[in-house]
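Working notes, structure below.
The values are calculated or read from the model by the stated rules, or taken from the named source; none is laboratory data. Every value quoted in this text rests on a predicted model; they were computed, and no experiment measured them. For neighbour counting, all protein chains shown are included, and Cβ atoms are generated from backbone atoms with ideal geometry for every residue, glycine included.
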Amino acid sequence: MTEISLKVENLRKTFGNTVAVDDVTFEVRRGEFFSLIGPSGCGKTTTLRCIAGLEKPDKGRIIIGERDVTNLPPQMRNVGLVFQEYAVFPHMTVYENMAFGLKIKKLPKDEIHNRVLRIAELLNLEEYLNVRAGRLAQALMQRVALARSIIVEPEILLLDEPLTLVDAKIKELMRRELRRYQKELGVTILHVTHDQLEAMMVSDRIGVMCQGKILQIGTPIEIYDKPNSIFVARFIGSPTMNLIEGRLEQYNDELFLDADDVGIPLYGVSSEKLRGYIGKDVVLGVRPEDIEILTQPTEGSFAGKITLIESLGSKLEIIVELNSVTLHVLSPLRRDLKVGQPIHLKIRPTKAHVFNKTTENNIMLEEV
Amino acid sequence: MTFLEIRNIVKEFGGKPALKNISFEVSKGELFSISGPPTAGKTTLLKIVSGLLTPDSGKIYLDGNDITETPPSERNIGMLFEIPPVYPNLTGFENIAFPLRVKKLPESEIRKEVLRVAELLGIKHLLDRHPSTYSGGEYQRVGLARALVRNPKVLLLDEPFRNLDAKIQEFMRTWLKKLQKEIGITVIHATHDPLEAMAVGDRVGIMLKGELKQVGRPDEVYLNPMDIEVTEYITIPAVNLFDGVIRIKGGFVEIDVEGVFSLRKSCEAGFEEGEEGEKEVIVGIRPHDLRLDINPRRDWVKTTLALIQPYGSEVLLLLKLNDKYVRAVADKTMMLTEGAEIYINIDPKNIMLFDRKTKRRITI
């Protein structure tokens, strides 16, 4: 049986006439890394602040461990908090920073000493124990902030955009460290971020939020491969998924999207779930890496023209126009393509998503 | 053709060098991206180009004229910062009109110019609203409109997207590049993110510790970085570096990588003309270039998979090789579990070699 560290039930929070959190329900299992993601204003930070006890919800229950903490003050909730700005005292040494929370709890001296040494060893901070925290590099300072929070052994650690202000180059290192230490220590984490790539890299599961609601919960790969709605499809993945409006049509058993002046074949897509949608308006979604660029036409291909080539380091982002439709294609490095060149495109078999235009739900995930 | 030339710019702050003899040229209509870590000197350089700072020595030429001594207001250079100076108590229209009002232009002309730029940037709906109602991307676009309204010859962008949500950043990059091509304005763009620079710039300049180390097209710089520092800076996920020794013998080079890999490839030149023998090197291999298999293969090396991190369409792997960690990238469809054995191999064609003493790239 999986133990649950945090249970949020039907949480609702309004500010004046604005509904910030709208009937949110989810659980975080013990030892799990769970991320809430969404654009600015989606309610993810308000949800976190309600859990921490910094905001009082209008409705709903918050259970941490076995206890209903909905009406308890922050310090009684057994949660740790790490914010965007590092919560370390720059004038104190790393040791003093780590011992701080334990001193407040009035733990015996040798117990404090033992815990500091144990956590310092686990987080590779031993050699910095006597260094003033303000003198440390960004990545190390964040590690000290983490050490400070986990040393008091909270039931769950709440991270609010901890890596947002970090430089691009150090971010990758810190995302790796965060995930490794979380696994090694077995800590339970609820993490809030606007950065979908970061959430994918560190999480066991992700909840995608939009306008106060959680739209989808799943593992990073589930959410990436099977987004349940247009919003999730667009929010997860970079470059963004191509979304093309048109009418679903069938010709000689093959399905295709009729988008005004362009016909896009949905090569190899099983038609069973789509049958009821033939002749109706839908939105076709294809990830940029699921489109192949060919120099010769083949079965299931369609023609276009390259309008822009961008270097993404190890990859190319190629922008292709087919009359009124623009597609972004992600390709491995290749040198045979030029701007202005006519080419042929093909959607990789089974990689097309089709969304209901009215409900914006993914038709492929509907029960038949 | 050179439109803007930066020649031998030197700047010190309190005896500390901030810019060490910076020279580069930008063509008319070009988008030039400068990338480097914080404190590399990017902002100092942009301030010198705009006239907000005076260089200790060196010259700036714009359109054939020496503008080194020209005051900022007469340079006709627009600038957009990370946090643009948008006044909260003015509407979008008044914010954009502000620089024109300072110039005391007639009302009808101001109106025409503000509408022209607003149309261009797709922000007409923001003109009557106050900045407090803007999203991050809208705020930045109004700031950009303000910088563009005087029809500047050059536009300087200093970390224009840094404060935005990741998803909006991505959108703004493409938007900026399209807009820049549409209006044909000359731009210098500075960012701490090498991937942003490569995605946006027609050419990129890599700036490290006050030095402009390398300038070129994004793909050129990525494929042929000049030394270890540049390679480490521009490669995300981080490049793997190993100590190695190369030996040249009769048309072949043998590359020993930390006693773990032994590679061999043909080589035309020696280290120098006719030279044979041994050299200590650092071998660089990018995570994307490491070959992986879950089954043992002859001459491949066994590692243990320590960490899997989904990375969009791919997964990032951390592999334990003896007591060292190696980073690799795999396809998402590869069936992987943490703790399992993974076999790795290096294609000699994909490695980069650096002289261990000078840290410079060597080609053989």
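Observations
- A:Glu27 being over 25 Å from the mean Cα position of the chain (by Cα) and more than 26 Å from B:Thr133 (Cα to Cα): no
- Residues of segment B:200-253 that are outside any loop (DSSP other than H, G, I, E, B), in the same structural domain as B:Asn350 (by TED's automatic domain parsing) and of a type in the set (Gly, Ala, Ser): B:Gly244 alone.
- Residue within segment A:261-269 that is within 30 Å of A:Asp58 (Cβ to Cβ) and more than 14 Å from every other protein chain (Cβ to nearest Cβ) present: no
- Every test in (1) touching a residue at least 40 places away in the same chain (Cβ under 8 Å); (2) farther than 16 Å from B:Ala199 by Cβ is passed by A:Arg335 save one, and that test is (1).
- Filtered residues of segment A:314-361 (kept if within 12 Å of another protein chain (Cβ to nearest Cβ), within 16 Å of A:Gly304 (Cβ to Cβ) and polar (S, T, N, Q)): A:Thr326, A:Ser331
- Set side by side, the residues B:Arg286, B:Arg356, B:Arg297 differ, and just one is away from chain A (no Cβ under 14 Å) and under 30 Å from the mean Cα position of the chain (by Cα), which is B:Arg356.
- Here is the figure for segment B:183-203: residues that are closer than 20 Å to A:Ile170 by Cβ and touching a residue at least 40 places away in the same chain (Cβ under 8 Å) total 9.
- Sole residue being surrounded by fewer than 20 Cβ atoms within 10 Å (Cβ to Cβ), touching a helix residue (DSSP H, G or I) at 6+ places or on another chain (Cβ under 8 Å) and either within 14 Å of another protein chain (Cβ to nearest Cβ) or assigned to a loop (DSSP other than H, G, I, E, B) (or both), chosen from B:Ala306, B:Ala328: B:Ala306
- Residues in segment B:309-325 that are at the interface with chain A (Cβ under 9 Å from one of its Cβ atoms) and part of a loop (DSSP other than H, G, I, E, B): B:Gly312, B:Ser313.
- Matching entry among A:Ile278, A:Ile264, A:Ile244 (being loosely packed, with under 14 Cβ neighbours inside 10 Å and β-branched (Val, Ile, Thr)): A:Ile278
- Every residue from segment A:344-368 that is of a type in the set (Val, Ile, Thr) and in a strand (DSSP E or B): A:Ile347, A:Val354
- Of everything listed in (1) at pLDDT below 90; (2) under 19 Å from B:Thr43 (Cβ atoms), the single unmet condition for B:Tyr139 is (2).
- Search result, residues across segment B:44-59 that are in contact (Cβ under 8 Å) with a residue 60 or more places away in the chain and either within 14 Å of chain A (Cβ to nearest Cβ) or closer than 18 Å to B:Val215 by Cβ (or both): B:Leu45, B:Leu46, B:Val49
- Verdict on B:Glu220 being modelled with pLDDT of 95 or more, within 14 Å of chain A (Cβ to nearest Cβ), over 15 Å from B:Thr358 (Cβ atoms) and under 14 Å from the mean Cα position of the chain (by Cα): no
- Exclusive hit being over 21 Å from A:Gly304 (Cα atoms) and away from chain B (no Cβ under 14 Å), set A:Glu272, A:Glu222, A:Glu245, A:Glu254: A:Glu272
Yes or no, residue by residue, for (1) within 14 Å of chain B (Cβ to nearest Cβ); (2) hydrophobic (A, V, I, L, M, F, W, C); (3) free of Cβ contacts under 8 Å to residues at least 24 places away in the same chain:
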position: A:Ala145; (1), (2), (3): no, yes, no
position: A:Pro154; (1), (2), (3): no, no, no
position: A:Thr164; (1), (2), (3): yes, no, no
position: A:Tyr181; (1), (2), (3): yes, no, no
position: A:Met209; (1), (2), (3): yes, yes, no
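- Single residue of segment B:331-350 satisfying the filter (of a type outside the set (Val, Ile, Thr) and part of a strand (DSSP E or B)) that is nearest to the other protein chains (Cβ to nearest Cβ): B:Asp331
- Residue list for segment A:120-139, filter: crowded, with 19+ Cβ neighbours inside 10 Å and either within 28 Å of the chain's Cα centre (by Cα) or of a type outside the set (A, V, I, L, M, F, W, C) (or both): A:Leu123, A:Tyr128
- Residue within segment B:172-193 that is over 12 Å from the mean Cα position of the chain (by Cα), of a type in the set (Phe, Trp, Tyr) and assigned by TED's automatic domain parsing to the domain that holds B:Tyr311 present: no
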